[in-house]
Amino acid sequence: QVHVVESGGGLVQTGGSLRLSCAASGRTFSSSAAGWFRQAPGKERRFVSAVSWSGDKTSYADSVKGRFTISRDNAKNTVYLQMTSLKPGDKAVYYCAAASGLEEMRDYGLADYWGQGTQVTVSS
């Protein structure tokens, strides 16, 4: 069993930065892929980024490539999403997730564990 809790959301101006954190508990987290999804008002939840259990593989949605960076610290059971050059279109609830593989999150939007989400608002 893995339990994940997101933090770091908030209000930021266009062009600003935020760092989201995902703190996880559970013995299997360090051997699980982890990722971030987001859901904007009235839209479906969409894949943002994921990282393999070892941290050596990452994947990003085209809409965030070059602006967002995912990383993880398995010693702290934490995954981060550094977001820069934020745009109003990035406004959403951001969810942390854990899964057995990066590919199932990226390709199918599936995960075994989900957090409750953290709100990111970008003002124009």
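The values are calculated or read from the model by the stated rules, or taken from the named source; none is laboratory data. Since we're looking at a predicted model, the values are computed, not measured. Please note that ligands, DNA and RNA were not included when accessible areas were found on the heavy atoms of the full protein model with its side chains. Shrake-Rupley method; radii C 1.70, N 1.55, O 1.52, S 1.80 Å.
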Practice task
Could you pull the accessible area for Thr14 with a 1.4 Å probe, rounded to 10 Å²?
Solution key: 70 Å²
Completion exercise
Calc'd 3J(HN,Hα), region 39-52, phi into Karplus 6.51 cos²θ - 1.76 cosθ + 1.60 (θ = phi - 60°), Hz, glycine/Pro = x, comes to 9, 8, x, x, 10, 6, 5, 10, 5, 10, 6, 8, 9, 5
Fill in the blank from the handout: When every protein chain stays in place and a 1.4 Å probe is rolled, Glu103, Glu6 sorted by accessible area with the largest first are Glu103, Glu6
Exercise for the section: Only Cα pairs under 8 Å and at least 6 apart count here; give the relative contact order of the chain as a rounded whole percent. Expected result: 35 percent
Fill in the blank from the handout: In whole percents, the bins of 10 Å from zero upward hold the Cα-Cα pairs of region 31-86 as 24, 51, 23, 2
